[in-house]
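Accompanying notes for the structure given below.
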Amino acid sequence: MLRRRFLWSILIVVIAATLLTGMPGCRSGNDDYEPIEDTSPPYLSELAEKLDFYIGAAVGESYLRNSEYVEVLKREFNAVVAENDMKWSTIRWSEHSYNFAPGDAIVKFAEENRMMVRGHTLAWHSQNPGWLRNKKYSREEAIEVLEGYITEVVTHWKGRIKEWDVVNEAIDDEGKRRDSIWQQWIGDDWIEIAFRAAHKADPDALLFYNDYNLEYPSPKQNAVYNLVNGLLKKGVPIHGIGFQGHFSLEYGGVPAKGTLKASIDRFANLGLIVQFTEVDVRIPKPVTASKLKQQAESYRRLLEVALEHPACNAVLVWGVHDKQSWVDYTFPNTTAPLLFDNSFYRKPAYYAVRDCLLAEIERREVEGK
Ligand code: XIL
């Protein structure tokens, strides 16, 4: 009897505690954030268009079958980039053929919806098929393979893909050449070989060097600066720099505006276009209202600088909604880096981006630009 009363009192305490503090794992307390359903205009794409600016997203061909995904993508974005479908791992998973179907579907979708397409990426150390990695090419053979691939792929989408990330992540964090297959087989000039081949295949395409951690001064930023400066001096066709823009709130999110602007200035002074090509701002788990607010402030800083800078004409986020982001499976202690949540609800970061676009339109109207 005494024991039963004891168990009852424990149950009552547990129920009371649950009612007061909320179920474990549920939103609770002051740090609560309740997304509300809101699909009202203005949409990011229409605002971006007024500014001659691209607000884009990384997409996957397989996601284009999800009607909710497609609806948000069409409504809010005016540019797309293939998250994986234009990498060697997809296009050349087989040694003996080219698989263009997934990329074709993305390009077709973009054309039907008047979106700019960025191609990503022609030469990288990662996501190369096993058959390629296992080769032991001589320099001459490797040049032939690299040039052959770039020529085939760029020609395939000639005039339809406006910008290419020709070379991705060729410099490591210390500012040294990354030890990729191309670096090993060909040597330092593999980068200019890649750019020249792309330019030859489509002289109108804008060609980019793309990398992460370029948004603040570092040995890596210096090395990339020296690399592209050297290429330009040699007359290599390179038109832009992609700042990938993978940020985490663990490290303060997006750098201070002055830092970001100075980083863009460096490359812009070489006459290059600067774009933010793969933006996301990771949140250390658990997600709370105040962290979502910090995330929104990060996006705000980024957009303010990007929109004001004459050399910058694009911000692409690395995915449409949090559920589809690479962050959860790549950085498991962090999550929710994008503008739309798992259910495609707009996050505070979305509203921050939209506010920046609206403010820039107003600023230009006042200045009569
Ligand atoms: C990532 C994709 O998002 C993942 O789905 C894939 O498993 C690995 O690659 N820098 C790049 C992108 O240039 O291509 C990477 O994309 C993210 C980091």
Item to check | MRE, 222 nm, helices only [DSSP H, n ≥ 4, -39500 (n - 2.57), over the chain, to nearest 500] | outcome: -13500 deg cm²/dmol
Checklist entry - Under the definition of Cα pairs under 8 Å and six or more residues apart, what whole-number percent is the relative contact order of segment 89-239? => result 25 percent
Checklist outcome for this item: Here the gain from full extension of Ile36 to Gln184, 0.36 nm per residue of separation minus their alpha-carbon distance, amounts to 48.1 nm
Checklist entry - What are the ³J(HN,Hα) values, in whole Hz, obtained from phi via the Karplus relation 6.51 cos²θ - 1.76 cosθ + 1.60 with θ = phi - 60°, for each residue of segment 223-237 in sequence order, with x given for Gly and Pro? => result 5, 5, 4, 4, 4, 6, 4, x, 4, 4, 4, 7, x, 6, x
Checklist entry - Per residue and in Å³, how big is the convex hull formed by the alpha-carbon atoms of segment 58-115? => result 65 Å³
Checklist entry - Can you give the accessible area per residue of the chain, in Å², using a 1.4 Å probe? => result 46 Å²
Next on the checklist: Of Ile191, Val236, Val224, which is farthest towards the positive pole of segment 139-256's charge dipole, taken about the Cα centre with +1 and -1 on the beta-carbons of Lys, Arg and Asp, Glu respectively?
Outcome noted: Val236
Checklist outcome for this item: Computed ³J(HN,Hα) along segment 189-202: with the Karplus parameters 6.51/-1.76/1.60, θ = phi - 60°, integer Hz and x for glycine or proline, the list is 7, 4, 5, 5, 4, 5, 5, 5, 5, 5, 5, 5, 6, 8
Next on the checklist: For Cα pairs less than 8 Å apart in space and 6+ apart in sequence, what is the mean separation divided by the residue count of segment 222-356, i.e. the relative contact order in percent?
Outcome noted: 24 percent
Checklist entry - log10 I(q)/I(0), Debye, Cα-only the chain, no solvent, q = 0.08, 0.11, 0.14 Å⁻¹? => result -0.44, -0.77, -1.20
Checklist entry - Roughly speaking, to the nearest percent, how much of the chain's 1.4 Å accessible area is carbon and sulfur? => result 53 percent
Checklist entry - Among all the aspartates and glutamates, which ones have a C-alpha under 20 Å from Lys136's C-alpha, if same-chain residues fewer than 8 places away are not counted? => result Glu95, Glu144, Glu147, Asp179, Asp188, Asp189
Checklist entry - What is the projected area of the convex hull of the Cα atoms of segment 230-369, averaged over all directions, in nm²? => result 9.7 nm²
Item to check | When each of Lys50/Lys291; Lys108/Lys162; Lys50/Lys257 is checked by Cα-Cα distance, pairs over 25 Å | outcome: Lys50/Lys291
Checklist entry - For Trp131 and Glu95 in the same chain, what is the full-extension length gain: residue separation times 0.36 nm, less their Cα-Cα distance, in nm? => result 12.3 nm
Item to check | FRET efficiency estimate (nearest 0.05) - Cβ-Cβ, Glu141 to Glu71, R0 45 angstrom | outcome: 0.45
Item to check | Residues whose placed amide H lies under 5 Å from that of Val317, excluding near-sequence neighbours | outcome: Gly56, Ala57, Ala58, Val279
Item to check | Extension gain, Glu152 back to Glu308 (0.36 nm per residue minus Cα-Cα distance, nm) | outcome: 52.4 nm
Checklist entry - Can you give the relative contact order of segment 116-177 as a percent, counting alpha carbon pairs under 8 Å and 6+ residues apart? => result 68 percent
Checklist entry - ³J(HN,Hα) across segment 90-101 via Karplus (A = 6.51, B = -1.76, C = 1.60, θ = phi - 60°), whole Hz, x for Gly/Pro? => result 9, 5, 10, 4, 9, 5, 9, 8, 9, 10, 9, 4
Checklist entry - Which value results when the Cα radius of gyration for segment 124-192 is divided by 2.2 N^0.38 Å? => result 1.17
Checklist outcome for this item: One finds, for Glu174 and Tyr351 with R0 = 41 angstrom and r their Cβ-Cβ distance, a FRET efficiency to the nearest 0.05 of 0.60
Checklist entry - Taking every DSSP beta bridge that has both residues in the chain, what percent is antiparallel when rounded to the nearest 5? => result 10 percent
Item to check | Burial order of peptide ranges 151-162, 71-82, 93-104, 110-121 (average beta-carbon count within 10 Å, highest first) | outcome: 71-82, 110-121, 151-162, 93-104
Item to check | Top of Glu278, Glu163, Glu250 by mean-square fluctuation, Gaussian network on the chain, Cα under 10 Å | outcome: Glu250
Item to check | Test item: Cα-centred dipole of segment 147-273, Lys/Arg +1 and Asp/Glu -1 on Cβ, debye | outcome: 420 debye
Item to check | Tail weight of P(r) past 19 Å, computed on alpha-carbon pairs of segment 75-151, percent | outcome: 41 percent
Item to check | Long-range HN-HN contacts of Ser248 with modeled amide H, under 5 Å | outcome: Gly253, Arg282
Item to check | Qualifying aspartates and glutamates (Cα of each under 12 Å from Cα of Lys87; at least 8 residues distant if same chain) | outcome: Asp165
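The values are calculated or read from the model by the stated rules, or taken from the named source; none is laboratory data. This is a predicted model, so every value here is computed, not measured. All Cβ positions, even for glycine, are placed from backbone atoms using ideal geometry, and neighbour counts span all protein chains on display. Only protein heavy atoms, including side chains, enter the accessible area calculation; ligands, DNA and RNA are left aside. Shrake-Rupley method; radii C 1.70, N 1.55, O 1.52, S 1.80 Å.
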